[in-house]
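Enquirer: Right, I'll just put the structure down here and ask away after.
The values are calculated or read from the model by the stated rules, or taken from the named source; none is laboratory data. Just so it is clear, the model here is predicted, and its values are computed rather than measured. Cβ sites come from the backbone with ideal geometry, for glycine too, and all protein chains shown count toward neighbours. Just the protein is used for accessible areas: all its heavy atoms, side chains included, with ligands, DNA and RNA removed. Shrake-Rupley method; radii C 1.70, N 1.55, O 1.52, S 1.80 Å.
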Amino acid sequence: MEKKIFKIVLLFALLCGFKVAYGKDKNNESLSYEIKCGGTAQQGYYIVEITAYAPKKKQLNMDLARKCAVHGVIFSGFSGEQGCKAQKPMLNATKEQQHADFFNAFFKNDYMRYASAVDPSISIMKVGKRYAITATVQVAKDNLREMLEKAGIIRKLGF
């Protein structure tokens, strides 16, 4: 009887361990970030200060900051500070779910065309159990909007 219970407990432990080790889809990571105005920019651009979070220090780089900046401009918007106006998001979160295939492909590499580092220096620090990178990024909002219009995800202005 004890051997049977031991086998059941062992089987349960193995199944739980497998779920923990392989349960996450590495291609569909959720982004964790804070976005705020980073100053005034030339027309057609936003300058944002982005603080992106990751569980491991090696995951932090300028590409992550750029990805979070583009995602933030599209889906989060930011409050007005440092002489900036508050900016509403271009789309709401339901559009991200409705067009998941498009955005999954877009956030693999295409987002890089719409964001660039304003200052190459970045700040990395440990925050609790995670790490954070802070960078200032310029996002080409007009080009980004035009691309979303051509993809049929957002309506043209004045429609």
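Enquirer: Each residue of the range 59-72 in order: what ³J(HN,Hα) in whole Hz does its phi give by Karplus 6.51 cos²θ - 1.76 cosθ + 1.60, θ = phi - 60°, with x for Gly and Pro?
Expert: Each residue's phi maps through the Karplus curve to give 7, 8, 7, 5, 4, 5, 4, 5, 4, 5, 5, 5, 4, x Hz.
Enquirer: In addition: Give, in nm to one decimal, the length gained when the segment between Met125 and Lys57 is fully stretched (0.36 nm per residue of separation minus the Cα-Cα distance).
Expert: Length gained between Met125 and Lys57: 23.6 nm.
Enquirer: Between Arg113 and Ala86, how high is the FRET efficiency from 1/(1 + (r/R0)^6) when r is the Cβ-Cβ distance and R₀ = 25 Å? Nearest 0.05.
Expert: The calculated FRET efficiency here is 0.45.
Enquirer: Among Ser116, Cys68, Thr136, flag the residue with its Cα farthest along the positive direction of the charge dipole of the range 34-159, charges on Cβ as +1 for Lys/Arg and -1 for Asp/Glu.
Expert: Farthest along the dipole direction, towards plus: Cys68.
Enquirer: Now for a separate question. Considering amide H positions built from the backbone, and no H for Pro or chain starts, which residues 5 or more places from Val118, or on another chain, come under 5 Å of its amide H?
Expert: It is Thr136, Val137, Gln138, by chain and number.
Enquirer: Something else: Leaving out ligands, DNA and RNA, what percent of the accessible area of the range 62-159 is carbon and sulfur, probe 1.4 Å?
Expert: That fraction is 49 percent.
Enquirer: Per-residue HN-Hα couplings for the range 111-116, Karplus 6.51 cos²θ - 1.76 cosθ + 1.60 at θ = phi - 60°, whole Hz, x for Gly and Pro?
Expert: So the Karplus estimates, Gly and Pro as x, are 4, 4, 5, 10, 9, 9 Hz.
Enquirer: A further question on this structure: Between Asn143 and Ser30, what is 0.36 nm times their sequence separation minus the Cα-Cα distance? Round to one decimal in nm.
Expert: Here the segment from Asn143 to Ser30 would lengthen by 38.2 nm.
Enquirer: What is the sum of charges, Lys and Arg at +1 and Asp and Glu at -1, for the other residues whose Cβ falls under 14 Å from the Cβ of Ile74?
Expert: Neighbourhood net charge equals +2.
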